[in-house]
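The values are calculated or read from the model by the stated rules, or taken from the named source; none is laboratory data. Please read all numbers here as calculations on a predicted model, not as lab measurements. Positions of Cβ are generated from backbone atoms using ideal geometry, with glycine treated the same way; all protein chains shown enter the neighbour counts. In case anyone asks, the SASA skips ligands and DNA or RNA and just uses the protein heavy atoms, side chains included. Shrake-Rupley method; radii C 1.70, N 1.55, O 1.52, S 1.80 Å.
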Amino acid sequence: MAPGLIDLHIHMMWDGSLDPVHTSETEGYEQMLIRAVSNCQTYLHHGITTVRDIGSIDDIALHIAKGIKRGLIPGPDVIASGKTLTMTGGHDPFWARFVDGKDEALKGVREQIFKGAEVIKVSSTGGVYGRIEGEQVGNAELSIEEQEAICKEAHRFGLKVASHAIGRDGIYNSICAGADTIEHGHFLDDELVTLMEERNTAWIPTLFVYKQIATQEGIPSYARDKAEEIVNIHRNAFESYFNRNILIGAGSDAGSPCTSHRALLDELYTMYEIIPDAKKILKTATVNAGKILDRNVGQIKEGYKANLILLKGNPLKCLSNLETISMVVVGGEIA
């Protein structure tokens, strides 16, 4: 018996194909909604009992989260942001709520909270995949002042803020503004990690997805070229800072290019290739992840939610035993 796994970074309405944006542009809202419901079954099938969806077109993940809570559909516990808060023309515009200036940033937070968001997602830098032109991983997008307004308001309502941040300037802005998690964080350095230790900022590296984008044939060339430039920087950061005094959580970016909805397992295997310590790696998807969410999940103990997986083999002896699932329990009920 082990705690159910936690994936801290997913996009349930994406299909994990070579170009998920193209799929979503051609299939329409109704099919995306059906796909998201189907993908929730995939999470359960692979022992993933809690997911944090931080980016969905038309707030689809918010609707799925409500449906699961109401018992209308089976699925993992879903903590969703819905739309992301992004500067006009910024990273991932297809699911963005554009905000420019502190007042719009404040309104954007309030809108997402009103719609049922349980986490706020911001785009602090450009990205590898998202826009064909005009986007660079090193570019800081939302300003520190905009992010301060977002974080202050989110925290006032008890919500955490997850920041897409690849380049150094954007990571720095997010840490200083009070973001709770740095998503990706390729260009972390000693100074930034020290700041994270001081401010209790967690890190969700998402290593596997960038390896996929950098190496798989058929990925859009603009994305593959950018990923190739930074994938080794990412690996080196993980190796250098894994044992520092920061919480590291597992997130797969499931649904992204060549990244399936069981990719949390691939993320753990990728981490293990760099840091071959099964216990520490498993904690990123259980104990650490529960602490990052500040929820009673990720451990088997009194007072914690009964999200459990029954395995035929011990994952501490071999991580691939995570694939020997014979039963999944969510909230004390067999899934």
Completion exercise
Computed over region 83-224, the relative contact order (Cα-Cα under 8 Å, seq sep at least six) in percent reads 20 percent
Problem - the chain, helix-only ellipticity at 222 nm - DSSP H runs n ≥ 4, -39,500 (n - 2.57), divided by all residues, nearest 500 - result: -13000 deg cm²/dmol
Practice task
Heavy atoms only, probe 1.4 Å: what % of the accessible area of region 194-271 goes to carbon and sulfur, would you let me know?
Solution key: 41 percent
Handout entry: Student exercise, region 57-102 dipole from Lys, Arg, Asp, Glu Cβ charges, in Debye to nearest 20
Key = 200 debye
Completion exercise
Per the rule of 0.36 nm per residue minus the C-alpha distance, extending residue 103 to residue 274 adds in nm 57.3 nm
Practice task
May I have the pair-distance distribution P(r) for the chain, computed from all Cα-Cα distances with 10 Å bins from 0 and rounded to whole percent?
Solution key: 6, 28, 38, 23, 4, 0
Exercise for the section: Could you sort out which of 69/291; 83/115; 115/305; 160/279 sit more than 19 Å apart by Cα distance in this structure? Expected result: 69/291; 115/305; 160/279
Handout entry: Surface per residue (accessible, 1.4 Å probe) for the chain, Å²
Key = 40 Å²
Completion exercise
Contact order relative to length for the chain, counting C-alpha pairs under 8 Å separated by 6 or more residues, stands in percent at 19 percent
Practice task
Name the lysines eligible as straight-distance cross-link partners of residue 211: C-alpha to C-alpha under 18 Å, and not fewer than 8 places from it in the same chain.
Solution key: 226
Exercise for the section: Mind jotting down the distance between the C-alpha centroids of region 174-222 and region 26-96, whole Å? Expected result: 21 Å
Completion exercise
Rounded to 0.05, the calculated FRET efficiency for the beta carbons of residue 236 and residue 70 at R₀ = 51 Å is 0.70
Handout entry: Farthest positive-ward along the chain dipole, Cα basis, beta-carbon charges - from 251, 322, 20
Key = 322
Handout entry: Within the chain, percent of DSSP bridges classed antiparallel, to nearest 5
Key = 25 percent
Completion exercise
Residues whose built amide H sits under 5 Å from the amide H of residue 160, excluding neighbours closer than 5 in sequence, are 120
Practice task
Please identify every one of the trypsin sites (Lys or Arg not before Pro) in region 233-333 that sits in a loop by DSSP and has no more than 13 other beta carbons within 10 Å of its own beta carbon.
Solution key: 301, 312, 317
